[in-house]
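**Student:** Here you go, one structure.
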Amino acid sequence: SQQGEEDPQALSIQEGENATMNCSYKTSINNLQWYRQNSGRGLVHLILIRSNEREKHSGRLRVTLDTSKKSSSLLITASRAADTASYFCATTGANNLFFGTGTRLTVIP
Amino acid sequence: GAGVSQSPSNKVTEKGKDVELRCDPISGHTALYWYRQSLGQGLEFLIYFQGNSAPDKSGLPSDRFSAERTGGSVSTLTIQRTQQEDSAVYLCASSLEGPHTQYFGPGTRLTVL
């Protein structure tokens, strides 16, 4: 299976702290994406990192990719209560994205 | 512009009934996807439409599931003879082309009693 797996499954932090989520996958990829989901509804694309990139930033988000270890991490700095959501990594298949089971992040005000 | 819309937002049905779920993709997006998400789980790919090509139905869990996309725009996912295990959130997404950055609708929460 090409499906990614996130770690940890759940993470609870205080507002202002940093949150780090990890993703491991099994096959070669062209790119890896991170999505966010609030309240079990639609997903929102956060960031895409290509296989030839090692790190990418977008606002308070920092994504790293290690293709030799088939892993990626998402760092959210200076977390806010509004960051509370589930975060999924996704790798690109021929016709669809393969999503992991997600990390449930809770940011306590 | 308008995002991906789905209807209904919630659907409660009795076991054995048929249901139809609708997805309106972003205008101009040639690719459309259906996913299923069971409670607390990741997304399970169901079906993919790309332009006028034959759809990739490899993710449909059984022959009770079917989908069509009319005029390259609106899509309908039909589940016949619903079972309790069909209860889930059904998510639709569209993209300009291919499986790259996808834009998701809010989903339809299906409950089969």
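Since every read-out is calculated from the coordinates, none of them should be taken as a lab result. Predicted model only: the values in this text are computed from it and were never measured. As a convention, Cβ positions derive from the backbone with ideal geometry for all residues, glycine included, and neighbour counts pool all protein chains shown.
**Student:** Which number comes out as Rg/Rh for segment B:1-46 once both Rg and the Kirkwood Rh are worked out on C-alpha atoms?
**Tutor:** Details: Rg = 13.0 Å, Rh = 12.9 Å.
Value, to two decimals: 1.01.
**Student:** Run through segment B:60-113 and list the trypsin sites (Lys or Arg not before Pro) located in a DSSP loop whose Cβ has at most 14 other Cβ atoms within 10 Å. Spell out each step's value before the answer.
**Tutor:** Numbers: sites: B:Arg64, B:Arg69, B:Arg81, B:Arg109; in loops: B:Arg64, B:Arg81.
Passing sites in segment B:60-113 are B:Arg64, B:Arg81.
**Student:** Report D for segment A:1-53 in µm² per second (integer): Stokes-Einstein, Kirkwood Rh on Cα pairs, 37 °C, 0.692 mPa s. Intermediate values should be presented prior to the final figure.
**Tutor:** Values: Rh = 13.1 Å.
Here the translational diffusion coefficient equals 250 µm²/s.
**Student:** Sticking with this one: Once you average over the residues of B:35-45, how many Cβ atoms of partner chains fall within 10 Å of each Cβ?
**Tutor:** Details: counts 4, 0, 7, 0, 1, 6, 3, 14, 13, 3, 7.
Averaged over the peptide's residues, the number is 5.
**Student:** Label points 7 Å out from Cα along the Cβ direction at B:Gln83 and B:Gln41: separation in nm?
**Tutor:** Each label point lies 7 Å from its Cα, and together they span 1.2 nm.
**Student:** Skipping prolines and chain starts, which residues have an amide H placed within reach, meaning under 5 Å, of the one on A:Gly102, given they are 5 or more residues away or on another chain?
**Tutor:** The list, which skips near neighbours in sequence, is A:Glu6, A:Cys89.
**Student:** Taking beta carbons within 10 Å but only from partner chains, what does the mean come to for residues B:102-110?
**Tutor:** Details: counts 7, 4, 7, 3, 4, 6, 1, 2, 0.
Other-chain Cβ atoms within 10 Å of each residue's Cβ, averaged: 4.
**Student:** Same structure again: Per the Kirkwood treatment, what hydrodynamic radius in Å, one decimal, follows for chain A from the mean inverse distance over all distinct Cα pairs? Intermediate values should be presented prior to the final figure.
**Tutor:** Values: mean 1/r = 0.0727 Å⁻¹.
Kirkwood hydrodynamic radius for chain A: 13.8 Å.
**Student:** Another question about this same structure. Using only the Cα atoms of segment A:45-109, each taken as one equal point scatterer with no solvent, compute I(q) by the Debye sum, divide by I(0), and report log10 of the ratio at q = 0.18, 0.28, 0.29 Å⁻¹.
**Tutor:** With no solvent term, the Cα-only Debye profile gives -0.75, -1.38, -1.41.
**Student:** Still on this model: For segment B:40-79, what is the largest minus smallest coordinate of the Cα atoms on each principal axis, given in angstrom and ordered from greatest to least?
**Tutor:** 34, 19, 16
**Student:** Once you put a point 7 Å from the Cα of A:Glu17 and another 7 Å from the Cα of B:Val12, both along the Cβ direction, what distance in nm separates them?
**Tutor:** 3.9 nm
**Student:** Please pull out the direction-averaged projected area of the protein assembly as shown, using the convex hull of its alpha-carbon atoms, in nm² to one decimal place.
**Tutor:** Working: hull surface 49.2 nm².
The directionally averaged projection comes out at 12.3 nm².
**Student:** Restrict the search to segment A:1-94; then list the trypsin sites (Lys or Arg not before Pro) that DSSP places in a loop and that have at most 14 other Cβ atoms within 10 Å of their Cβ.
**Tutor:** Here the sparse-neighbourhood loop sites are A:Lys26, A:Arg54, A:Arg60, A:Lys69, A:Arg80.
**Student:** Please give the Cα centre distance for segment A:82-109 versus segment A:30-78, rounded to the nearest Å.
**Tutor:** 9 Å
**Student:** Kirkwood Rh, chain B, all Cα pairs: how many Å? Present the calculation step by step, with values, prior to reporting the outcome.
**Tutor:** Numbers: mean 1/r = 0.0719 Å⁻¹.
In chain B this quantity evaluates to 13.9 Å.
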